[in-house]
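Structure, as structure tokens:
The values are calculated or read from the model by the stated rules, or taken from the named source; none is laboratory data. On a predicted model such as this, the values are computed, not experimentally measured, just so you know. Cβ placement follows ideal geometry from the backbone for every residue including glycine, while neighbour counts extend to all protein chains displayed.
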Amino acid sequence: MSTPRAVRIPRASPGTADAPPDGEATVRRIVRSPTPAETFERRANRAGRQRAFRLTLIYLVALLALYLGFVALDRAAPGGTSATAETGLLEFSLVAAVLAVAGLFVTLSPAPRAVELSPSRLVVEEWTGRRREFPPLGSLHIHVIRRYPAGFLSSEAVEAVQVSGPKVRRTYHLTEGLIPEGRPAPAADAGSAAVSLE
């Protein structure tokens, strides 16, 4: 009687158990079509900023002249050689500094750097670089409050434009024609859209 012999059955290695034959390996990729970038038109507010900067310069020069004149009068008056705190010059200097900062804000803040027009929104890049977004032009009320002709303050005409929309109202000094003037389109009346079949 013959002795039974153990039979060894070869096994495939774990890494190649499910590997497809050579030349049939496939790679699945999820390809997403790129979303087309929204087109917009950027318009620089050159004349508006030019007018704002020149107004600021005139204001600061006038304020400095008043300050120097007050200092000269204070020193020439009796007791002008006293300490600064005793003559009130320190308080006046602080007031002048506050007026200078307030003047910068008042003259520069209405003049944004640029505006961006696109079908979905209006973006105003303000003088500090902050980007303020509005609804599209079709839903805004653009009203020109006043026009400033070209002259010493600006080489082109400047408009004071009020931008009004849902829960927002801002006034900017812009180059003439930078934003077209207009009103929002009236909503269609559902009753008037009915068609009589008689």
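Looking for something modelled with pLDDT of 80 or more and crowded, with 16+ Cβ neighbours inside 10 Å - is there at least one such residue anywhere in region 56-65? Scanning region 56-65 turns up at least one residue that is modelled with pLDDT of 80 or more and crowded, with 16+ Cβ neighbours inside 10 Å.
Residue selection: A111 satisfies the criterion of being under 16 Å from Q50 (Cβ atoms), in a loop (DSSP other than H, G, I, E, B) and under 15 Å from the mean Cα position of the chain (by Cα). A single entry from E116, E126, E133 fulfils the requirement of being modelled with pLDDT under 95, within 21 Å of T56 (Cβ to Cβ) and not polar (S, T, N, Q): E126.
Does Y148 fit the bill of being of a type in the set (S, T, Y), within 15 Å of the chain's Cα centre (by Cα), modelled with pLDDT of 90 or more and buried (at least 17 other Cβ atoms within 10 Å of the Cβ)? No, not satisfied. Residue pairs whose Cβ atoms lie under 7 Å apart, separated by 6 or more positions or on different chains, with the first residue in region 163-176 and under 18 Å from R147 (Cβ atoms) and touching a residue at least 12 places away in the same chain (Cβ under 8 Å) and the second in a strand (DSSP E or B) and of a type in the set (G, A, S), are T171/A160; H173/A160. Of all the listed residues (G138, G165, G191), the sole one being modelled with pLDDT under 90, surrounded by 13 or more Cβ atoms within 10 Å (Cβ to Cβ) and either farther than 20 Å from A52 by Cα or within 14 Å of the chain's Cα centre (by Cα) (or both) is G165.
Conditions (1) surrounded by 14 or more Cβ atoms within 10 Å (Cβ to Cβ); (2) under 30 Å from R183 (Cβ atoms); (3) touching an Asp or Glu at 6+ places or on another chain (Cβ under 7 Å), marked per residue:
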| residue | (1), (2), (3) |
| --- | --- |
| N45 | yes, yes, no |
| Q50 | yes, yes, no |
| G69 | no, no, no |
| D74 | yes, no, no |
| P78 | no, no, no |
| L89 | yes, no, yes |
| A114 | yes, yes, yes |
| S118 | yes, yes, yes |
| L122 | yes, yes, no |
